[in-house]
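Following: one structure in structure tokens, then a few remarks.
The values are calculated or read from the model by the stated rules, or taken from the named source; none is laboratory data. Here the structure is a predicted model, which is why all the values come from computation and not from measurement. A quick note on method: Cβ atoms are made from the backbone with ideal geometry, for glycine too, and the neighbour counts reach across all protein chains shown. Heads up: the accessible areas ignore ligands, DNA and RNA and are worked out on the full protein's heavy atoms, side chains in. Shrake-Rupley method; radii C 1.70, N 1.55, O 1.52, S 1.80 Å.
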Amino acid sequence: MLIVLAWYGVRASGLVSPALVPSPHEVLSKFLALMQTRLPHDILMSTQRVLLGVLLGIVLAVPVGFVLGWYKSVRSFVDPVINFFRALPPIALIPLVIVYFGIGESAKIAILFYASFFAGVIVMYEGIAQINPIYVRVSRTLGASDGEIFRKVIVPLTIPHMLTALRVALGVAWATLVASELIAAQQGLGALIQDASSFFQLDIIYVGIICIGLIALVMDLILRAAARRLVAWQERIA
């Protein structure tokens, strides 16, 4: 509500031309109109791309992050490479992605995978590296085998870091969505925003931006709720 009031205030203040800031009710009206045409399909396409890119990225990021976090010798060797690629903006890779993957769905997924993977790896290995080794030493003292230590000690302790990596990867993927849909996308929220920008349709641009933010927020809230349930045992122990 405060954001909407501030929005109206900025528009009425004269600091910005009203022609450049559509009012909230105009954006809502455009949203309702688009819901009757292309918007549901755009939302579905973008959500599918993000989920697939994040799924593929996290499936690979979790084991890679675990290895980097658990084995210091590997981390010291690979860490500079990981940070080098993490610093590269996905949009800068679009020309190469088009060369290697074409302009189809695989190219868009590749961009989202790239963004998700490196974000997930960093969170995972930073979290794993901070696990207190006393848990492992105590388990060995009690006679646990390496397999039992991994299943009953390491895996439970890494669940919070996996969920955090997933949340971060989802956020980065949604932030990268528009860049991924620069690759000849006909449907999707990024494509909607780009099409609207070509015709200076600011109300549609606002609709696309707000949809991206709301969907990302809903997904993050769901993951937070899941995290609270899955790691509740740790809070009880603490």
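Hey, got the dipole for the chain? About the Cα centre, +1 on K and R Cβ, -1 on D and E Cβ, debye to the nearest 20?
740
Which of the aspartates and glutamates could a cross-linker bridge to Lys72, judged by Cα under 12 Å and excluding same-chain residues fewer than eight apart?
Answer for Lys72, where 12 Å is the Cα cut-off: Glu126, listed by chain and number.
So which residue, out of Ile98, Ile159, Ile222, gets the largest mean-square fluctuation from a GNM of the chain using Cα contacts under 10 Å as springs?
Ile222
Do you know the relative contact order of region 1-158, to the nearest whole percent, from alpha carbon pairs under 8 angstrom that are 6+ apart?
So the answer I get is 26 percent.
When ranked by the protection proxy of mean other Cβ atoms within 10 Å per residue, highest first, what sequence do the peptides 114-122, 88-96 form?
Top of the packing list down: 114-122, 88-96.
How much of the accessible area of region 1-137, probe 1.4 Å, is carbon plus sulfur, in whole percent?
In region 1-137, the share of accessible area belonging to carbon and sulfur is 74 percent.
Running a GNM on the chain with Cα contacts under 10 Å, which residue among Val67, Val123, Val16 ends up with the highest mean-square fluctuation?
Val16
Residues in region 177-207, backbone N under 13 Å from the label point at Leu20 (7 Å along the Cα-to-beta-carbon vector): list them, ranges by number please.
none
Quick one: among Gly57, Gly143, Gly188, which has the greatest mean-square fluctuation in a GNM of the chain with alpha-carbon springs under 10 angstrom?
Gly143
With N denoting the number of residues in region 36-80, provide Rg(C-alpha) divided by 2.2 N^0.38 Å, to two decimal places.
For region 36-80, the normalised Cα radius of gyration is 1.86.
Using Cα positions and a limit of under 16 Å, work out the aspartates and glutamates in reach of Lys108, with same-chain residues fewer than 8 apart set aside.
Cα-Cα hits under 16 Å: Asp42, Glu181.
What 222 nm value per residue comes from the helices of the chain, counting each DSSP H run with n ≥ 4 as -39,500 (n - 2.57) and dividing by all residues, nearest 500 deg cm²/dmol?
Counting only the DSSP helices, I get -26000 deg cm²/dmol.
Could you sort the peptides 71-81, 23-33 by per-residue average Cβ neighbour count (10 Å cutoff), highest mean leading?
23-33, 71-81
Per residue, how large is the accessible surface of region 42-230? Use a 1.4 angstrom probe and give square angstrom.
52
Can you tell me the alpha carbon radius of gyration of region 128-238 divided by the globular rule-of-thumb value 2.2 N^0.38 Å?
Normalised Cα radius of gyration, region 128-238: 1.62.
How much of the calculated P(r) for the chain lies past 21 Å, in percent of all Cα pairs?
65
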